[in-house]
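For reference, the structure discussed in these notes is given below.
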Amino acid sequence: MLRSRAAVLASCLLSLVLSMTPAHVAQDNPNKGDSKDKTLFLVARPELRDPIFKESVVLMFPSSVEVGEGLVVGLILNKPARVELSEIFPNNKELKNRSETAYFGGPVDPRAPGVVFRSSNAANQAALLFGDVYVSFDPDFIKELLKEPRKTPDLRLFVGRSQWAPAQLQNEMVVGAWYSVRAETNLIFSASPQYLWRKLFERAEPAPVAKASDVPFGLSANLTELW
């Protein structure tokens, strides 16, 4: 019963966060199957000074992806970890000299691997995020994916993950630490993740409201006549 209540609370929180997504935010080039209502990015606002999450973009998991009991979980997308594959899989000779970049997913279990990838086929060791995007924290399954990179070109490897108690994240949203933006496949696998935060921040930041003094005289006069 406790687990069920925690899961419901986490699901309700994700719904709350999604409802706070700025209404004007739209996808630039959405892929077929991109998230419409369940999966989102959290985009850190400049006021968030936590060194781990400053200027971060977090891919949030829908409540159907169970990683931590009653927790809200995601992966930071835009911070390379500077960890070699040989450190993540020290006993695997096939991955010893590989140069793929691993990303820092968050401070929880910082040495545990995770992977987000695209696939037309479901796998028992992976959970569906949305569309054709899956996530897995199964080390053996991840090793097999990495052994044949040509079969899964859209793949991102992570170490660690981010997670919150529902009340904790709800408080962060209320105090304005995060924007929420609907998730896009292209951005998850962006070739330039160093620009991801700025791109999404500029998209989510509300446009400034023009003051009366900023309106050109002619336009201001026309507006007066309309009213």
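The values are calculated or read from the model by the stated rules, or taken from the named source; none is laboratory data. In this text, all values refer to a predicted model and were calculated from it rather than measured experimentally. Heads up, the Cβs are rebuilt from the backbone with ideal geometry, glycines too, and the neighbour counts pull from every protein chain shown. We work out accessible area using only protein heavy atoms, side chains counted, and drop any ligands, DNA or RNA first. Shrake-Rupley method; radii C 1.70, N 1.55, O 1.52, S 1.80 Å.
Select from the range 45-95 the residues that are polar (S, T, N, Q), modelled with pLDDT under 95 and in contact with a strand residue (DSSP E or B) (Cβ under 9 Å, 6 or more places away or on another chain) and list them in ascending order. Across the range 45-95, the qualifying residues are SER63, SER64.
For the range 53-131, give me every one of the strands (runs of 3 or more DSSP E) that falls completely inside it and has 2 or more residues that are open to solvent by 40 Å² or more (accessible area, probe 1.4 Å).
108-118
Being assigned to a loop (DSSP other than H, G, I, E, B) and aliphatic (A, V, I, L, M) is the filter; apply it to the range 164-185 and report the residue that is nearest to VAL133 (Cα to Cα). Here the residue is ALA183. Within the range 150-176, restricting attention to residues that are more than 30 Å from GLU100 (Cα to Cα) and in contact with a strand residue (DSSP E or B) (Cβ under 7 Å, 6 or more places away or on another chain), which residue is most open to solvent (accessible area, probe 1.4 Å)? Going through the qualifying residues, I end up with GLU172. Just a yes or no: is a residue in the range 136-149 in contact with a Gly (Cβ under 9 Å, 6 or more places away or on another chain), open to solvent by less than 60 Å² (accessible area, probe 1.4 Å), at pLDDT 90 or above and assigned to a strand (DSSP E or B)? Yes: the range 136-149 contains one or more residues that are in contact with a Gly (Cβ under 9 Å, 6 or more places away or on another chain), open to solvent by less than 60 Å² (accessible area, probe 1.4 Å), at pLDDT 90 or above and assigned to a strand (DSSP E or B).
Only one entry in GLU100, GLU148, GLU87, GLU47 is charged (D, E, K, R), over 14 Å from the mean Cα position of the chain (by Cα) and closer than 19 Å to ALA191 by Cβ, namely GLU100. Going by the structure shown, is LEU42 assigned to a strand (DSSP E or B), modelled with pLDDT of 85 or more, more than 20 Å from GLN125 (Cα to Cα) and not basic (Lys, Arg)? Against the criterion (assigned to a strand (DSSP E or B), modelled with pLDDT of 85 or more, more than 20 Å from GLN125 (Cα to Cα) and not basic (Lys, Arg)), LEU42 qualifies.
Within the bounds of the range 13-32, is there any residue that is at pLDDT 85 or above and part of a loop (DSSP other than H, G, I, E, B)? No; the residues of the range 13-32 include none that is at pLDDT 85 or above and part of a loop (DSSP other than H, G, I, E, B). Taking the range 177-189 as the range and being surrounded by 17 or more Cβ atoms within 10 Å (Cβ to Cβ) and farther than 24 Å from ASP109 by Cβ as the test, the residues that pass are TYR179, SER180, VAL181, ARG182, GLU184, THR185, LEU187.
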